[in-house]
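A short write-up of the structure that comes next.
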Amino acid sequence: MSQEQKGRPVLGDGVEEVEFSWDEYLEDTGAIAAPHGSFKHVDTSLQNGFAPGMKLEVAVKSDQNTYWVATIITTCGQLLLLRYDGYGEDRKADFWCDIMTADLHPIGWCEQNKKILKVPEGIKDKIPDQEEFLQRVLKGACSAPANLLEGLHRGKNPLDLIAPGSRLELQNVRDSLEAWIVNVVENVGGRLKLRYEGLEDSDKFDQWLFYLDPFLHQVGWAAQHGYSLQPPLAIRSLKSEADWQEILKKVKEEEEESSIPTDLFKDKPVIGVHSFSEGMKLEAVDPMAPFVISPATVLKVYNEKYFMIEIDDLRPDRTTSQSYICHVNSAGIFPVQWSLKNGLHLIPPPGYPGQDFDWADYLKQCGAEAAPQSCFPSLTSDHGFKENMKLEAVNPVDPEEVCIATVTKLKDSYLWLQLEGSKKPVPDCIVSVESMNIFPVGWCETNGYQLRPPRKAIGISSVLFVAVSWVDKDGKIFQSRTVHDGLKNQEMNSSDTVVINGKYCCPKIYFNHRCFSGPYLNKGRIAELPQSVGPGNCVLVLKEVLTLLINAAYKPSRVLRELQLDEEAAWHGHGETLKAKYKGKSYRATVEVVRTADRVADFCRKTCIKLECCPNLFGPQMVLDKCSENCSVLTKTKYTHYYGKRKNKRIGRPPGGHSNLEVAMKKPNKRRKRRKHFFVHKKKHSSTSVDNTPAGSPQGSGGEEEDDQDEVDEESLTEDSTSEHQDELLEESEVSEKKSLSSSPTQSELSHSLAQDRDKRKRKLRTFSFSDDENKPPLPKEIDGQALLLLTLPTVQECMDLKLGPAIKLCHHIERVKLAFYQQFAN
């Protein structure tokens, strides 16, 4: 027995997770992705360790026993574009080398290994004094890293050197500056899953950090900077002191095997000198729960670089504290009154008397001073982020999760992010624009990590807030409340009926599967639709109803076009953007829906008439046994019965004008698929006359029915060109007009009528947008052969205006071109 039969209705039909596509999601939401250039830590992670301007010693092609100094012009993966020193700005002799196969060495290698440095023949005349030239060009020069040119690390992306099993040192930022060894469990594009040394069998204390985190260092850092190696307090009691010392001894013995080159950390942010003093007050966001801004105190100053702050808590019986270590550039610390100046809510400390927090009274009460503005770095708004932009972000509550995030608010260099798809709902997160826990769209896919997809609402579960009243079996209202997203798919105990109140609340919309479905809607798909949708907000309910109908069509794009708001029509309701997919193409159009409950029934009936189906196919009235429109007598034959839409027009073929009309309508080089089944009342069929009443239908010859087709060539919907789409849609319009012409017009009347309708259709088509951006003019940018080899995924998306899916495919082909290039031309 269903929930409705039991008398306990359900709000919505549940939630499902589906395969996620960023391209489709951005198109559906109408949002844009945050620019790749706004994620500086990701850009840094993509660098290969070589930079333009670095110098190295390269074997001369004409004489493999001699070498000469070359400068890196640009890099692309393991490819280097080099130019021998002495060519100046002349690029004609530039050449590509594969780091893995070419004879490349750092500056000084020839001298150490008794090899000959000799000027290449092409520039011999330009360099009369080789020694003087080398002294001049090598003065202050930066050599390419030796570890990336020789040994096991040769040709590897520096980020790949942080492999599982590698060891690092991590400072304890919760209670002290002591460091302890951590093992790399996983490396996802530079985002590291770390496990404390000695806890190999437990993941309870695992942490996720980006490799450029200022508190993460190579092994040996603590000793070099005067910090002790001690396990954090949270795990210290798990082993004896002797066990920890034994673990530390083992690490030192294996240091060489698991060490990571120090060059890898050269791009880490430099920690500056702070000017905070103990006892100063400020505003802060707890990094472990970055949802609110609270008053905080500088609890301890360690040295010129590090200090500890504590989130204020005035409760006398508190047992824990929220404290963590900061530096001058730490995110989430603000001067007093920053929240007030930016229109943000400051959460009073627990135990604070009253809800209206005042900093002046609070400072006087605590006998403290506010940290001066000079203690804080200046904040910038030049970062590229804007409201409603999409990105990927780490869930602070569960760092294993990377979720879809929407920028809901911006203040200076801080973002408020709404996370979608997390296992447990979380409030909007406050993050810095320089946070290493945010990533560009497509980062997870690029690095093979699971992005948490949004939960897809089914039925009316997309309605978030609805005012309801609970009614008992005797009809007495005894309770009112608001049903929100968290109550989806839950039974409503305490009553048998839900009464939706309010001007904008739509009644339940029924799909009456037995009613006549018309020429556009697939009867089988209609039968698979839910029995009803709603109740809820009018706009949301009707939008969902129309979406279900579009998806139940033979050709969704055709139904979307029929529903599309006519530019010349009067505006009476609310415009909603709907989407249809057909033959691999996506279409979008604005459709008008009503906003108030009193207009819903009329809206449903008129929409049914537009779609040439029974006016009771869907609406607030349930059809139980027999439809009031007597639509059960409709059946498939070669003509269409119009409910009100075109019933006053003659639909038959003009006598004597058929052959000429067919020639005028025919589109060259296009094969049309014919639909042979149209609709007519069984009882009213006549072979001698055309009945123009609602119950009548046109007559015609069965042998000529293919010429009265009403469908556009399905193959045309897969064309790439906008003009071809429009031609086919125009053709469809012309053919449908052919059916509705008067029974005896002249040829000139036909031409004039079709020209008018063609112009009208062209105007309408301008508002019918295609998701594949065919309407955009070609970009004026050019890419030559050398530049092609340099293209990476972020570059392709930004410079070529490609979506993620096509960009990944293009990069795959570019890699194949590179491989062929290496094999034929590289040393």
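The values are calculated or read from the model by the stated rules, or taken from the named source; none is laboratory data. Here the structure is a predicted model, which is why all the values come from computation and not from measurement. No Cβ is skipped: glycine too gets one built from the backbone with ideal geometry, and neighbour counts run over all protein chains shown. The accessibility values were calculated without ligands, DNA or RNA, using every heavy atom of the protein model including side chains. Shrake-Rupley method; radii C 1.70, N 1.55, O 1.52, S 1.80 Å.
Table for the structure above
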{"quantity": "Selection count where residues are charged (D, E, K, R) and open to solvent by less than 100 Å² (accessible area, probe 1.4 Å), scope the range 227-249", "calculated": "4"}
{"quantity": "Helices (runs of 4 or more DSSP H) contained entirely in the range 521-622, each with at least 3 residues that are out of contact with any Gly (no Cβ under 6 Å at 6 or more places or on another chain) and within 30 Å of Gly805 (Cβ to Cβ)", "calculated": "538-551, 556-563"}
{"quantity": "Subset of the range 173-187 [open to solvent by less than 50 Å² (accessible area, probe 1.4 Å), under 34 Å from the mean Cα position of the chain (by Cα) and not hydrophobic (A, V, I, L, M, F, W, C)]", "calculated": "Asn183, Asn187"}
{"quantity": "Residue that is nearest to the chain's Cα centre (by Cα), among those in the range 407-424 that are of a type outside the set (Gly, Ala, Ser) and open to solvent by less than 10 Å² (accessible area, probe 1.4 Å)", "calculated": "Val407"}
{"quantity": "Of all residues in the range 333-367 being open to solvent by less than 30 Å² (accessible area, probe 1.4 Å) and assigned to a loop (DSSP other than H, G, I, E, B), the one that is nearest to Lys411 (Cα to Cα)", "calculated": "Leu344"}
{"quantity": "Residues being assigned to a loop (DSSP other than H, G, I, E, B) and either of a type in the set (Asp, Glu) or in contact with a His (Cβ under 9 Å, 6 or more places away or on another chain) (or both) - total across the range 304-328", "calculated": "8"}
{"quantity": "Criterion (among the polar types (S, T, N, Q) and under 19 Å from Asn172 (Cα atoms)) met by exactly one of Ser339, Ser294, Ser330", "calculated": "Ser330"}
{"quantity": "Among the candidates Asp267, Asp213, residue that is open to solvent by 20 Å² or more (accessible area, probe 1.4 Å), within 34 Å of the chain's Cα centre (by Cα), modelled with pLDDT of 90 or more and closer than 25 Å to His327 by Cα", "calculated": "Asp213"}
{"quantity": "Leading residue by the ranking (surrounded by the most Cβ atoms within 10 Å (Cβ to Cβ)) among those in the range 142-157 that are assigned to a helix (DSSP H, G or I), under 38 Å from the mean Cα position of the chain (by Cα) and at pLDDT 75 or above", "calculated": "Leu148"}
{"quantity": "Qualifying residue in the range 188-201 (condition: among the β-branched types (Val, Ile, Thr), crowded, with 19+ Cβ neighbours inside 10 Å and outside any loop (DSSP other than H, G, I, E, B))", "calculated": "no"}
{"quantity": "Boolean, Asp63 is surrounded by fewer than 20 Cβ atoms within 10 Å (Cβ to Cβ), within 16 Å of Gln786 (Cβ to Cβ) and either more than 40 Å from the chain's Cα centre (by Cα) or without any contact (Cβ under 8 Å) to a residue 12 or more places away in the chain (or both)", "calculated": "no"}
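Yes/no matrix, rows are residues, columns are (1) assigned to a strand (DSSP E or B); (2) modelled with pLDDT under 90; (3) touching a Ser or Thr at 6+ places or on another chain (Cβ under 9 Å):
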position	(1), (2), (3)
Leu410	yes, no, yes
Trp416	yes, no, yes
Val431	yes, no, no
Tyr449	no, no, no
Ala467	yes, yes, yes
Asp474	no, yes, no
